[in-house]
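To start, the structure under review is shown below, and the notes come after it.
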Amino acid sequence: MKTSPKTKAKSESTKVSAAAGLSGPDLSVEIAGYRFKNPIWTASGTCGYGEELDEIFDLNTLGGIVTKSITWKPRQGHPPSRVSEESSGMLNAIGLANVGVKAYVDEKLPFLEKYGLGVIVNVAGFDFQEYIDVCARLADHPRADMVELNISCPNISSGGIEFGADPKQVEKIVRAVKRVFPRPVIPKLSPNVTDIAEIARGAEAGGADAISLINTFIAMGVDIHSKRPTLSNNRGGLSGPAIKPIALSMVNSVYEAVSVPVIGIGGAANYEDVVEFMICGASAVQLGTALFREPDLPVRVLSDLTKFLIQGSYNSVTDLIGSIKMN
Ligand SMILES: Cc1cc2nc3c(=O)[nH]c(=O)nc-3n(C[C@H](O)[C@H](O)[C@H](O)COP(=O)(O)O)c2cc1C
């Protein structure tokens, strides 16, 4: 039987509070009408479909999991080398390798049924129709609590420019997905734009229920011996600690620009980073690249966050959201 995330979240939330002591702070956050038991999610592409992480820690620890981008058909992705390490983070050009939406709903989504966490299905496409088709296919599967739209993909019908680079395109895509998917829709913004607040306003105009940001920055690494780029695709996306201050700035700009909840992503690697994102306006924070170094990071972050809230006499983690005091 399917319980709504709201109901599930409530019982889990009680458990977490009990672990932190009876008078412990409330860690739950409400986003688009769903109550997540805590604000810690994992980021798309850094936690697969959840199976591997579950071997390392209990997935029930998480408020939400955002699964790997799904396209209509399965994709092999780019050939190796698909990732490379930089001094301040990580470069990747995976090329959206994934099992395709059919295998996702038949084989991957059922695995997540037993967990009391929000399941956010990240969806990618190379034209409008692909986003619509994939989201329509997910519509009949209530375990797909929400979709997150990876709009950092090149739009093949407009010469390969990212969907996420144009507020009008973002508005159009969100509106179209909202027509076929009955639960919350979260566009995930690309940072490779001039004015991210303008893109966020486009997303909100299209009916976005929340907005997540940021995806990776277009970047390149070079091997000085071969003089070749380190990635087979030449360029890739930069993630990790290097991008956190930019992500914080962008999260705050978007928080100021729209009235829907904002979900922070970019270089978060400990509870302090999570708190920073929430102070800047994030209602939840996704952990990404940091999981490669410390796969059970969410357990530590949640425990440290709880201690921080107790020490600061916060009743609720939501007290942090948007509490920044600008100079
Ligand atoms: C190896 C790797 C694969 C990724 N794959 C996806 C993906 O399939 N879809 C997506 O929307 N973002 C993807 N991302 C971006 C992350 O979800 C996240 O937005 C970005 O890495 C910034 O957060 P971080 O610095 O905490 O990793 C990927 C990132 C990495 C490092």
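Of all DSSP beta bridges confined to region 5-320, the antiparallel ones make up roughly 40%. Each Lys or Arg adds one and each Asp or Glu subtracts one; over the other residues with Cβ under 11 Å from the Cβ of G206, this totals +3. Note on the chain: Cα-Cα pairs beyond 29 Å make up 32% of the total pair count.
By the Kirkwood approach, averaging reciprocal distances over each pair of separate Cα atoms, region 91-186 gets a hydrodynamic radius of 14.0 Å.
Sequentially through region 100-114, phi angles give Karplus couplings (6.51, -1.76, 1.60; θ = phi - 60°) of x, 5, 5, 5, 4, 6, 7, 10, 8, 4, x, 4, 7, 3, 7 Hz, Gly and Pro residues having no value and appearing as x.
For region 173-238, the set of trypsin sites (Lys or Arg not before Pro) satisfying both a DSSP loop assignment and a count of at most 16 other C-beta atoms within 10 Å is given as K227, R235.
Using DSSP H assignments, which helices in the chain have an axial alpha-carbon span of 18 Å or above and a mean Kyte-Doolittle hydropathy of -0.5 or higher? Don't skip to the answer; put the middle values down first.
On the way: long enough: 5-19 (21 Å, -0.99); 167-180 (20 Å, -0.44); 244-257 (19 Å, 0.49); 297-311 (21 Å, 0.83).
Sorted by number, the helices that extend far enough and score high enough are 167-180, 244-257, 297-311.
Think of region 5-320 as a dipole: +1 on every Lys or Arg Cβ, -1 on every Asp or Glu Cβ, centred on the Cα centre; then among G202, F128, S249, F128 lies furthest on the positive end.
Taking other Cβ atoms within 10 Å as a rough exposure proxy, R82, R293 sort from fewest to most as R293, R82. Here the residues M326, M278, ranked from fewest to most Cβ neighbours within 10 Å of their Cβ, fall in the order M326, M278. Once you've got the Cα coordinates, tell me which of K168/K244; K68/K227; K168/K188; K108/K188; K244/K325 are over 24 Å apart. Too far apart for the 24 Å limit: K168/K244; K68/K227.
Arranged from fewest to most other beta-carbon atoms within 10 Å of their beta carbon, W72, W41 become W72, W41. Electrostatic tally near G100: other residues with Cβ closer than 13 Å to its Cβ, Lys and Arg +1, Asp and Glu -1, net +2.
The mean sequence distance of close C-alpha pairs (under 8 Å, at least 6 residues apart), as a share of the length of region 5-320, puts its relative contact order at 19 percent.
Where a number appears in this text, it was derived from the coordinates with a stated rule and is not lab data. What you see is a predicted model, and the numbers here were worked out from it, not measured in a lab. Counting neighbours? That spans all protein chains shown, and the Cβs are built from the backbone with ideal geometry, glycine included.
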